[in-house]
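The structure appears right after this line, and notes come after that.
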Amino acid sequence: MGVVQSPAHASVAQGSVYGSGTVTDDWGDEGPLSTTKNRHNSVVGLWQGVLIADGYLPASGLDCDFGPNTTAATIAWQSDRGLKADGEVGPQSFGRADNNLFWNGSEIRYNGSNSDLGSMYRNSAGRWYIAGSSSIVYVSYTDDSLCD
């Protein structure tokens with residue numbers, strides 16, 4: 001009998017968002033994010049980008065802080081998708097969101113219902129990052145430079 005490999009588990013313990021292979025399964029082990037768990041970091045900024053692309057949060061809401069506006073937008077997003085609408089983002093919510101990821105050349109994009117979220121990449125080690133105009137920001141649970 002062959003060896004059965006279990007899926008990789010990342011999330012907070014790994015510190016950053018990682019993935020491999022198809023992008024539509026990269027986020028399903030991420031979280032938790034909420035007003036009390038990992039409230040201020042670039043992973044929150046990534047989640048806020050999803051909420052913006054799907055029309056639940058205005059673009060001005062991208063601040064890497066999981067405050068009351070992000071909580072309300074998350075609850076509405078979860079409810080509209082038949083998920084437990086508790087305002088906490090974990091594997092269920094991230095897993096539903098990553099179904100909308102796709103490759104566009106070397107860039108990874110999120111196909112939102114209102115707009116696309118782009119400029120996302122994965123390095124050769126699988127670590128997710130966002131390329132800004134003058135810097136690269138790794139999507140991390142310990143860094144909020146995405147929103148500086």
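Among residues of the range 17-34 being in a helix (DSSP H, G or I) and out of contact with any helix residue (DSSP H, G or I) (no Cβ under 6 Å at 6 or more places or on another chain), the one that is surrounded by the fewest Cβ atoms within 10 Å (Cβ to Cβ) is D25.
Pairing each residue of the range 124-141 that is at negative phi with any residue that is surrounded by fewer than 13 Cβ atoms within 10 Å (Cβ to Cβ) and not in a loop (DSSP other than H, G, I, E, B), provided the two are 6+ apart or on different chains, yields C-beta distances under 6 Å for Y129/I136. Restricting the search to helices (runs of 4 or more DSSP H) fully inside the range 35-146 and requiring at least 3 residues that are buried (at least 18 other Cβ atoms within 10 Å of the Cβ) and under 11 Å from the mean Cα position of the chain (by Cα) gives 42-53, 91-97.
A short reminder: the numbers here are calculations on the coordinates, not readings from a lab. Because the structure is predicted, anything quoted here is derived from the model rather than measured. Here Cβ is always computed from backbone atoms with ideal geometry, including for glycine, and neighbour counts include all displayed protein chains.
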